[in-house]
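The values are calculated or read from the model by the stated rules, or taken from the named source; none is laboratory data. Since we're looking at a predicted model, the values are computed, not measured. Here the Cβ is made from the backbone with ideal geometry for all residues, glycine too, and neighbour counts use every protein chain on show.
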Amino acid sequence: MSHHVDLSQLSKVYATPKGPAVIVKDFNLRIAKGEFVTLIGHSGCGKSTVLSMLAGLSDITEGVIVLAGKELVGAGPDRGVVFQSPSLLPWYTAFENVMLGVEQVFFTASAEERREIVEYYLTVVGLGESMHKRPAELSQGMRQRVGIARAFALKPKMLLLDEPFGMLDSLTRYELQGVLLKLWRENRITTLMVTHDVDEALYLSDRVVCMTDGPEAEVGDIIPVAFPRPRERQAVMDHPDYYPLRERLIEFLEIHAHKKKAAPSATPSAPAAPVAPLVEAAPAPAPRNDAMLVTA
């Protein structure tokens, strides 16, 4: 498979009163076309920073990102993004929220063709009977379905997922993981997903990329996941490789948790940073507004 995405020598540095803060340094990753890759690591290691640079929402300090042979500069509809909170426009219905992006991307299509695109993806995610309801009338899981439908409806070159199921209960999360896999299998969009959940990473991924803890976070390990597709959750868990792979991921996180705990603080009087949970999703970050990401 050819490389569809190339993140080369990627670095992110923020200016602070105490000097430059290097969040990510020399981050290198290549993703094949149609591949599903998850990025895992402790809270604060820079996973979402990498995703934001790839989405064009955060400037790159050093390095370059190439998607489908083109260097990325800024945000664009060639990348569909789903955040932990879908951030829907509250005065629009689910249908109108998805149509907002479809009208900008498929502006040469007829009104009927655009309507069919929106109705198709909302129906596929299970909102066929609720597409004309406003966000306040939908549950958190239903709103997230709208966000997933909106991203796929743009037919992007790449799908970026920043802990899209982190705010959901277990049953809803499992159901939406299945919805995501169904859409991904039908569209084969190259995907990079940030998660804290080891089991989620193994269930969804072709490869799991483990990030070291910051500062100067980078790729620490890359673990291939070769479970047959299409996947069924119980079959994956029964596979003889499942628990060895799970143990390998947890061991990586534990080792880096210990390093983080033992590392001296940059400021002697500053308290040590808390260690993130190993498997369960970390506390949700502040919701970010991705409603206007479709603007070219």
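Of the numbered conditions (1) of a type in the set (A, V, I, L, M, F, W, C); (2) surrounded by 14 or more Cβ atoms within 10 Å (Cβ to Cβ); (3) in contact (Cβ under 8 Å) with a residue 12 or more places away in the chain, Ala109 fails exactly one; give the number of that condition.
In the conditions (1) of a type in the set (A, V, I, L, M, F, W, C); (2) surrounded by 14 or more Cβ atoms within 10 Å (Cβ to Cβ); (3) in contact (Cβ under 8 Å) with a residue 12 or more places away in the chain, Ala109 misses (3) alone.
Among the residues that make up the range 31-42, is at least one of them over 28 Å from Val225 (Cα atoms), of a type in the set (S, T, N, Q) and in contact with a strand residue (DSSP E or B) (Cβ under 6 Å, 6 or more places away or on another chain)?
Within the range 31-42 (the criterion being over 28 Å from Val225 (Cα atoms), of a type in the set (S, T, N, Q) and in contact with a strand residue (DSSP E or B) (Cβ under 6 Å, 6 or more places away or on another chain)), the answer is no, since none of the residues qualifies.
Output yes when any residue across the range 114-122 is farther than 26 Å from Leu253 by Cα, touching a residue at least 24 places away in the same chain (Cβ under 8 Å) and outside any helix (DSSP H, G or I), and no when none is.
No, because not a single residue in the range 114-122 is farther than 26 Å from Leu253 by Cα, touching a residue at least 24 places away in the same chain (Cβ under 8 Å) and outside any helix (DSSP H, G or I).
Among the residues of the range 93-146, which ones are in contact with a helix residue (DSSP H, G or I) (Cβ under 7 Å, 6 or more places away or on another chain) and among the hydroxyl-bearing types (Ser, Thr, Tyr)?
Tyr121, Ser130
Within the range 1-51, which residues are without any contact (Cβ under 8 Å) to a residue 12 or more places away in the chain and within 28 Å of Ile255 (Cα to Cα)?
Result: Tyr14, Pro20.
Of all the strands (runs of 3 or more DSSP E) wholly in the range 18-101, which have at least 2 residues that are over 15 Å from the mean Cα position of the chain (by Cα) and surrounded by 19 or more Cβ atoms within 10 Å (Cβ to Cβ)?
19-32, 62-67
Within the range 216-227, which residues are assigned to a loop (DSSP other than H, G, I, E, B) and under 24 Å from Met158 (Cβ atoms)?
Glu218, Val225, Ala226, Phe227
One residue is enough: does the range 94-102 have a residue meeting the conditions hydrophobic (A, V, I, L, M, F, W, C) and over 20 Å from Lys157 (Cα atoms)?
Yes, that holds for at least one residue.
I'd like to know if the range 120-135 contains one or more residues that are touching a Pro at 6+ places or on another chain (Cβ under 8 Å) and surrounded by fewer than 23 Cβ atoms within 10 Å (Cβ to Cβ).
yes
Restricting attention to the range 230-274, and to residues there that are surrounded by 12 or more Cβ atoms within 10 Å (Cβ to Cβ) and in a loop (DSSP other than H, G, I, E, B), which single residue is modelled with the lowest pLDDT?
Ala273
Checking Asp213 against (1) in a loop (DSSP other than H, G, I, E, B); (2) among the acidic types (Asp, Glu); (3) under 18 Å from the mean Cα position of the chain (by Cα), which test does it fail?
Result: Asp213 fails condition (3) only.
Give the residues of the range 6-17 that are buried (at least 22 other Cβ atoms within 10 Å of the Cβ) and hydrophobic (A, V, I, L, M, F, W, C), sorted by residue number.
Scanning the range 6-17 gives Leu7, Leu10.
How many residues are surrounded by fewer than 18 Cβ atoms within 10 Å (Cβ to Cβ), of a type in the set (D, E, K, R) and under 23 Å from Arg79 (Cβ atoms) if we restrict to the range 166-205?
Qualifying residue count for the region: 4.
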